[in-house]
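Contents: one structure, followed by commentary.
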Amino acid sequence: MKDIKDTPILITGGTGFIGSFLTRHLVADGYKFLKIAGKQTSFGEVDGIDYVLCDLRDKINTRTVLRVRTGCPKVVIHLAADIGPIDYMQNFQADILHNNAMIDAALFSEMVKAGVETVIYASSSMVFQNASRYPYTEEDIGNLTPPTNVYGFSKLLGEYFCKSFSKQYGLNYVILRYHNVYGPKEMAKKKGEGNIHVIPALISKVLSGQYPLEILGNPEATRPFIYIDDAMRATANILKLVLGRDKRVINNDFNVGSGKVIKIVDLARLIWELVGDQRPFKWVSIDNEGAKNSSLRREMDASKIASLLGWFPLVSLREGILKTADWLKMNRQ
């Protein structure tokens, strides 16, 4: 019997933050035929893996990647997207919407032509910007007003690509809505304090000696956070079920994250306690236009993926902060 880990798999966006960690996780787990499509990486390449640098917005490039460079993979893990933190999403809205729509339009049509069986699509917690109850579940997504945040809207559009291509062409999908993944190696996309995600941003400010600590946006906003290793375990578990053609996951969607939430001001306080100096915790709120176009509450129900996979986060927020801080200390610019 053929080992499922011999199945050809393509990871789009495999050179990014999540993609690079997922590649290493799957290689360590014994997957032999991984192909990576994406832009030039700053996260380091994995030995023995074929990297294809390409622009997935272009149909011809995408067709070449799927049919020639990667040998018609059976599963595509679609992570590629134009994404950035607060300031980036505020200042580059047209680019984000255009690029993500172009990537999905090119990729989905070419996946059908190349005979791809299943796409595992990386969505985002931002699709729940207008949630009407908390904690929200996967079933709530069909009843919500679409997000006004452009990145969230583009991810919701990607979910519609999944469902529409499944209905019309039989392309199977699994939607994974990652909720605030963080960890080592995450760096700013553009210059400016609003262009790195909240946990590494706050850690960097504390390590630099900023006092009082500046918090962008509403300090009362609530968020769940998931350490990168835990998010990759969930993704790898889903992939294994997909390769086994498990009907419980095929054409289904899952929130990936922690059921525990924390206010941003309390997150800042915890980071100060863990890596700050001996001065008392003191903070100020900094108004930010990008933060205004985000939900005050983001609180998910994690029971669906927990009941199906027996999956739950292993790395506590405290432990994850310390791991991230250790990396930032060693790589401060």
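The values are calculated or read from the model by the stated rules, or taken from the named source; none is laboratory data. Just so it is clear, the structure is predicted and the values come from calculations on it, not from any experiment. Reconstructed Cβ throughout: ideal geometry from the backbone, glycine too, with neighbour counts over all protein chains shown.
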- Query: If you go through segment 26-65, how many residues are β-branched (Val, Ile, Thr) and closer than 20 Å to Thr235 by Cβ?
  - Reply: 5
- Among (1) assigned to a loop (DSSP other than H, G, I, E, B); (2) among the basic types (Lys, Arg); (3) under 20 Å from Glu117 (Cα atoms); (4) within 23 Å of the chain's Cα centre (by Cα) - the single one Lys32 does not satisfy: (4)
- Task: Confirm whether Ser123 is closer than 21 Å to Lys163 by Cα, outside the structural domain of Asn293 (by TED's automatic domain parsing), buried (at least 18 other Cβ atoms within 10 Å of the Cβ) and among the hydroxyl-bearing types (Ser, Thr, Tyr).
- Result: yes
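To keep it simple, each residue is scored yes or no on (1) touching a Ser or Thr at 6+ places or on another chain (Cβ under 8 Å); (2) among the aliphatic types (A, V, I, L, M); (3) outside any loop (DSSP other than H, G, I, E, B); (4) under 30 Å from Leu10 (Cβ atoms).
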residue: Met232; (1), (2), (3), (4): no, yes, yes, yes
residue: Phe254; (1), (2), (3), (4): no, no, yes, yes
residue: Leu270; (1), (2), (3), (4): no, yes, yes, no
residue: Leu274; (1), (2), (3), (4): no, yes, yes, no
residue: Ser295; (1), (2), (3), (4): no, no, no, no
residue: Lys304; (1), (2), (3), (4): yes, no, yes, yes
residue: Leu314; (1), (2), (3), (4): no, yes, no, yes
- Query: Scanning segment 176-207 for residues that are of a type in the set (Gly, Ala, Ser) and modelled with pLDDT under 95, which turns out nearest to the chain's Cα centre (by Cα)?
  - Reply: Ala188
- Query: outside the structural domain of Ala291 (by TED's automatic domain parsing), touching a helix residue (DSSP H, G or I) at 6+ places or on another chain (Cβ under 8 Å) and aromatic (Phe, Trp, Tyr) - does that describe any residue in segment 91-106?
  - Reply: no
- Item | Among the candidates Ile77, Ile36, residue that is touching a strand residue (DSSP E or B) at 6+ places or on another chain (Cβ under 8 Å) and in contact (Cβ under 8 Å) with a residue 60 or more places away in the chain | Ile77
- Determine whether segment 285-293 contains at least one residue that is assigned to a helix (DSSP H, G or I), of a type in the set (S, T, N, Q) and touching a residue at least 60 places away in the same chain (Cβ under 8 Å). no
- The one condition Ser285 fails out of (1) of a type in the set (Ser, Thr, Tyr); (2) under 30 Å from Tyr173 (Cα atoms); (3) outside the structural domain of Pro73 (by TED's automatic domain parsing) is (2)
